[in-house]
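In what follows, a single structure is set out as structure tokens and then discussed.
The values are calculated or read from the model by the stated rules, or taken from the named source; none is laboratory data. Just so we're clear, the structure is a prediction, and the values are computed from it rather than from any experiment. In this analysis, Cβ positions are derived from the backbone assuming ideal geometry, glycine residues included, and neighbour counts consider all displayed protein chains. Just the protein is used for accessible areas: all its heavy atoms, side chains included, with ligands, DNA and RNA removed. Shrake-Rupley method; radii C 1.70, N 1.55, O 1.52, S 1.80 Å.
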Amino acid sequence: MTSPDLLRDLEWRGFVQQATPGLAAYFARGPVTAYCGFDPTAPSLQLGNLMPLMLLANLQRGGHRPIVLMGGGTGLIGDPSGKPGERPLLSKEQIRENLQRQRDQMARFLEFGAGPSAALLLDNAKWLGAQSLIDFLRDVGKHFTVNVMLQKESVQARLDTGLSYTEFSYMLLQAYDFLHLFRERQCTLQVGGSDQWGNITAGVELVRRVENAEVHGLVAPLVTMASGQKFGKTEAGAIYLDPKLTSPYKFYQFWINVDDRDVERYLKLFTLKSREEIADIMARHRDNPAKRLAQLALARDVTERAHGKEAATNTAYATGMLFGDIAVSTVASDDLFAILAGEIPTIPMPRGGTDEVTILDAVVRTGLAKSKSEARRAIEQGGIYLNEQRIDDATRKIRPEDWIVGRNVLLRKGKKEYALLRRGDS
């Protein structure tokens, strides 16, 4: 059953910048099939892809069927929208590999399988690759005038720097996708980011001209950060959904560090929490902003969706340990320390014969101090902690009972400098 107030809810969440006239009334008629395109030009989805994914997820929750359209065909061309220059063309093999990796990530955000609102995942290479140039120009190209195409924002932005015919033709290919999906899947709505408005309206017009049918488009605004930094970017680069490219811990840290000015907006965009839940979170957050309750709720929700419940739990515990909010002994597990080993300086230790290592030696070996004299001063001044317990005896040795779950010793210097001793498996 579809929600009669879906468009109003999407507006409240911040997903609506522009929409074709009559979309609210169209939703009210019953379930629709909506699609969003994703070009597999990178080996993983990035945070910037979360907005259209969550838009599809909200449509699905409203009783509508989402289509994820992977651009195995259009990805070979390159979308000029929002790009200052020509994209490098990727090989067909690289496109196929990227496509497969992104497919698996999609399944964490949408429900595939059976049922009227089950998501579909399609690849436009199947029909674009079968098109002959002559047929395409006759059946699609004749419905577009160069004058109109030149007026599109994505084209205008590139006229000064140059735009190849290859990328100029992208608009026609995307419009044809909409026509094909209308014919084959009864798809009547295309969604995307605001930079796609020109491409989407081109498809709406093509379907109207060729099929004399009513279809719609909706675009969401560009996601911004109050700091002025580009959303989804850090000093280390882009944040990916692939844990091999961005660890769940670093993914979680991005959300936990969201500016207070952005956190309510991100809760609406990137979680499926209700109005009441978000209002409650924000009320508790405002009572004590230092606890960052809203950021914690956001980080936990998005990380769990992207990486699973276990990874979200472990990253939350790891963060709590490193920031002193959670005692090491209460949450210790080897999986948790495996996460820490990827994020803080870690010294591998042999399985046997390590009980004679002194705290002094360990501090130097882990790099928490540059010399034994510096390490001794830090210990004697109370600045060194072993498993969050202050150590003031430089001659103290690491004991058998110090090894958490048999193989981990956590060292800290001052408030924020951490290191880990980690025994091998044998």
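Just need log10 I(q)/I(0) for the range 206-316 at q = 0.15 Å⁻¹, Debye formula, equal scatterers on the alpha-carbon atoms, no solvent, rounded to two decimals. Treating every Cα as an identical point scatterer, log10 I(q)/I(0) equals -0.70.
Going by alpha carbons, how many degrees (0 to 90, nearest 10) lie between the helix axis of 293-307 and the longest principal axis of the chain? That helix lies at roughly 70 degrees to the long axis.
Counting every C-alpha pair in the range 256-390, the share spaced more than 23 angstrom apart comes to 50%.
Once backbone amide H atoms are built at 1.01 Å from N, Ala119 has Glu111, Phe112, Gly113 as its partners under 5 Å, excluding neighbours fewer than 5 places away on the same chain.
In a reduced charge model with +1 at each Lys and Arg Cβ and -1 at each Asp and Glu Cβ, the range 203-342 shows a dipole moment near 260 debye about its Cα centre. Here's the picture: charge each Lys and Arg Cβ at +1 and each Asp and Glu Cβ at -1 in the chain, and of Gly37, Ile134, Gln389 the one pushed furthest to the positive end of that dipole is Gln389. Taken per residue, the accessible surface of the chain reaches 48 Å², heavy atoms only and a 1.4 Å probe. Taking the DSSP beta bridges with both ends in the chain, the antiparallel portion is around 45 percent. Amide H contacts under 5 Å for Thr358: Ile398, restricted to partners 5 or more places along the chain or on a different chain, H placed in the peptide plane at 1.01 Å from N. When the convex hull of its Cα atoms is viewed from all sides, the range 182-271 shows a mean projected area of 8.1 nm².
Annotation: amide H of Tyr35 within the under-5 Å range of Ile67, Leu189, Gln190, Val191, sequence separation 5 or more or interchain, hydrogens built in the peptide plane. Within the chain, what's the longest stretch lacking trypsin sites (Lys or Arg not before Pro) that sit in DSSP loops with no more than 11 other Cβ atoms inside 10 Å? After excluding every exposed loop site, the longest remaining stretch is 30-243. Just the protein heavy atoms count here, and of the accessible area of the chain at 1.4 Å, carbon and sulfur take up 50 percent. Overall, the anisotropy analysis places the chain in the prolate class: the square-rooted eigenvalues a ≥ b ≥ c of its C-alpha gyration tensor yield a/c not less than 1.5, with a/b exceeding b/c.
The alpha carbon gyration tensor of the range 384-426 gives principal lengths a ≥ b ≥ c with a/c of 1.5 or higher and a/b no greater than b/c, which makes the shape oblate.
For chymotrypsin sites (Phe, Trp or Tyr not before Pro), no site in the range 1-46 is both called loop by DSSP and has at most 13 other Cβ atoms within 10 Å.
Projecting the Cα atoms of Trp403, Ser333, Gly228 onto the dipole axis of the chain, where Lys and Arg carry +1 and Asp and Glu carry -1 at the beta carbon, places Trp403 farthest toward the positive end.
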